[in-house]
1. Any chance the stretch 228-244 includes a residue that's among the aromatic types (F, W, Y), on the phi < 0 side of the Ramachandran plot, in contact with a strand residue (DSSP E or B) (Cβ under 7 Å, 6 or more places away or on another chain) and not in a strand (DSSP E or B)?
2. For the condition in contact (Cβ under 8 Å) with a residue 12 or more places away in the chain and in contact with a Leu (Cβ under 8 Å, 6 or more places away or on another chain), what is the one hit in G153, G191, G171?
3. Quick one: how many residues across the stretch 44-65 are touching a Gly at 6+ places or on another chain (Cβ under 8 Å) and assigned to a loop (DSSP other than H, G, I, E, B)?
4. Here is a list: K135, K66. Which entry is under 20 Å from N370 (Cα atoms) and basic (K, R)?
5. Considering only the stretch 103-115, state which residues are in contact with a Gly (Cβ under 9 Å, 6 or more places away or on another chain) and either aliphatic (A, V, I, L, M) or over 11 Å from V91 (Cα atoms) (or both).
6. If we scan the stretch 63-77, do we find a residue that is without any contact (Cβ under 8 Å) to a residue 60 or more places away in the chain, within 14 Å of P340 (Cα to Cα) and not charged (D, E, K, R)?
Amino acid sequence: MTRPLDGITVISLEHAVAAPFATRQLADLGARVIKVERPGGGDFARGYDQRVRGQSSHFTWLNRNKQSLALDVKHPEARAALLQLLKTADVLVQNLAPGAAARMGLSYEALKGHNPRLIVCDISGYGADGPYRDKKAYDLLIQSEAGFLSVTGTPETPSKSGISVADIAAGMYAYTNILSALLLRGKTGEGSHIDVSMLEAMGEWMGYPMYYAFDGAPPPPRTGASHASIYPYGPFAAGDGGTVMLGLQNEREWQAFCEQVLRRPEVAVDARFCSNAARNQHRDELQALILQEFATLTAAQVVERLDAAGIANARVNDMAGLWAHPQLAARERWREVDTPAGRIPALLPPGVSSAFEYRMEQVPAVGQHNAAILAELGWTAERIAALAAAPAARETIKTIAVGA
């Protein structure tokens with residue numbers, strides 16, 4: 001089967017979430033991704049937890065379809081191997097500490113003379129210049145810096161996202177920028193440099209609340225799981241203890257909601273509720289009316305009325321509910337992939353193509369592909385063994401073991 005990125009080779013000096021998320025998506029499309037890891041411990045995300053048969057949940061999610069090459073890049077022989085790979089690679093991705101790649105001679109400027117077609121994507125917290133360039137950046141810190149916490153949570157308590165949203169945003173923009181750079185290279189024949197900032201990625205995703213607060217206007221309030229500016233739009237408890245999420249988008253739906261769900265048509269023309277702005281202003285009173293009716297119904301009965309009225313709604317699922325979601329099963333969105341601890345289920349990437357199927361292959365062990373990759377470069381078995389036994393590599397392993 002031909003996939004969009006067959007024949008593309010990606011070298012990645014990556015850890016945690018942002019870069020691994022970008023490169024896994026490239027691998028899903030057929031790219032060969034060689035993940036360069038520290039000997040011994042590898043990507044530190046491998047040690048975040050042991051929830052997947054003794055393996056990290058983050059790492060398992062982000063690193064299928066990749067080859068692991070364990071190199072201590074400070075060792076001369078290991079550095080030689082990396083540079084040899086980069087001479088013919090298509091893409092280099094890195095999200096090391098600020099300035100680390102450049103200090104190792106892995107900047108775009110240093111590499112383009114050796115491989116003019118190379119695309120280099122640097123992912124960092126704040127970008128390659130500016131006063132924040134050298135600041136360390138983790139997902140929660142960027143959520144805070146980008147104002148995400150100011151609009152997320154309850155009126156009393158700001159809350160972070162339950163997923164690594166800043167890392168994921170940066171990974172998505174790295175992925176799409178790399179695809180764009182590959183298309184551009186097809187026209188110009190030349191590589192390019194991509195500078196992806198987590199702050200700028202989150203800044204784009206914060207566009208609505210920024211414009212809502214345009215020119216000094218009050219920002220959107222924190223409203224928990226409810227919408228900040230549309231009401232009713234959020235979770236409502238039913239009489240059996242279940243919770244139903246519902247959302248109204250326009251006045252036609254409001255009319256149907258009052259007539260068919262609340263079964264109180266007079267509420268639709270009540271002056272307190274006759275427009276979205278009015279409903280927002282009188283949330284407490286309207287919430288009391290809705291909860292009074294829902295208290296007489298089970299969650300299933302509420303959903304039945306909402307569906308009949310054409311009102312958008314959803315169950316408030318937990319992770320068990322998502323694993324068992326009937327829609328994902330009906331659309332055959334699950335596959336299995338190999339890991340060092342055996343096969344596990346994995347969700348296919350979003351998007352169904354009529355032309356190809358996504359690659360869904362193994363999650364590698366640290367250094368699993370060292371011998372095969374170095375042999376491709378023409379290294380002898382003796383040279384490969386010597387690198388594995390090098391004192392610098394052994395010291396790296398020792399340091400990681402003590403730190404753990």
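1. Initially, the stretch 228-244 is screened for residues among the aromatic types (F, W, Y), giving 231, 233, 236.
Retained after the next criterion (residues that are on the phi < 0 side of the Ramachandran plot): 231, 233, 236.
Pick out the ones that are also in contact with a strand residue (DSSP E or B) (Cβ under 7 Å, 6 or more places away or on another chain) and you get 233, 236.
If we keep only those that are not in a strand (DSSP E or B) too, we end up with none.
Within the stretch 228-244 (the criterion being among the aromatic types (F, W, Y), on the phi < 0 side of the Ramachandran plot, in contact with a strand residue (DSSP E or B) (Cβ under 7 Å, 6 or more places away or on another chain) and not in a strand (DSSP E or B)), the answer is no, since none of the residues qualifies.
2. Details: G153 fails: in contact with a Leu (Cβ under 8 Å, 6 or more places away or on another chain); G171 fails: in contact with a Leu (Cβ under 8 Å, 6 or more places away or on another chain).
The match here is G191.
3. We begin by selecting, within the stretch 44-65, every residue touching a Gly at 6+ places or on another chain (Cβ under 8 Å); these are 47, 53, 56.
Still in the list and also assigned to a loop (DSSP other than H, G, I, E, B): 53, 56.
Of the residues in that region, 2 qualify.
4. Working: K135 fails: under 20 Å from N370 (Cα atoms).
Of K135, K66, the one residue that is under 20 Å from N370 (Cα atoms) and basic (K, R) is K66.
5. At the first step, the residues of the stretch 103-115 found to be in contact with a Gly (Cβ under 9 Å, 6 or more places away or on another chain) are 108, 111-112, 115.
The answer is L111, K112.
6. Checking the stretch 63-77: not a single residue is without any contact (Cβ under 8 Å) to a residue 60 or more places away in the chain, within 14 Å of P340 (Cα to Cα) and not charged (D, E, K, R).
For every residue, the table says whether it meets (1) in contact with a helix residue (DSSP H, G or I) (Cβ under 6 Å, 6 or more places away or on another chain); (2) at pLDDT 95 or above.
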{"position": "G239", "(1), (2)": "no, yes"}
{"position": "Q249", "(1), (2)": "no, no"}
{"position": "Q260", "(1), (2)": "yes, yes"}
{"position": "P265", "(1), (2)": "yes, yes"}
{"position": "E285", "(1), (2)": "no, yes"}
{"position": "L291", "(1), (2)": "no, yes"}
{"position": "A299", "(1), (2)": "no, no"}
{"position": "R305", "(1), (2)": "yes, yes"}
{"position": "A309", "(1), (2)": "yes, yes"}
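A quick yes/no check of all residues on (1) modelled with pLDDT of 95 or more; (2) part of a helix (DSSP H, G or I):
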residue: A169; (1), (2): yes, yes
residue: M172; (1), (2): yes, yes
residue: N177; (1), (2): yes, yes
residue: L182; (1), (2): yes, yes
residue: V196; (1), (2): yes, no
residue: L199; (1), (2): yes, yes
residue: G203; (1), (2): yes, yes
residue: P219; (1), (2): no, no
residue: T223; (1), (2): no, no
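The values are calculated or read from the model by the stated rules, or taken from the named source; none is laboratory data. This one's a predicted model, so the numbers in the text were calculated from it and none came from an experiment. Cβ atoms come from the backbone with ideal geometry, glycine included; neighbour counts cover every protein chain shown.
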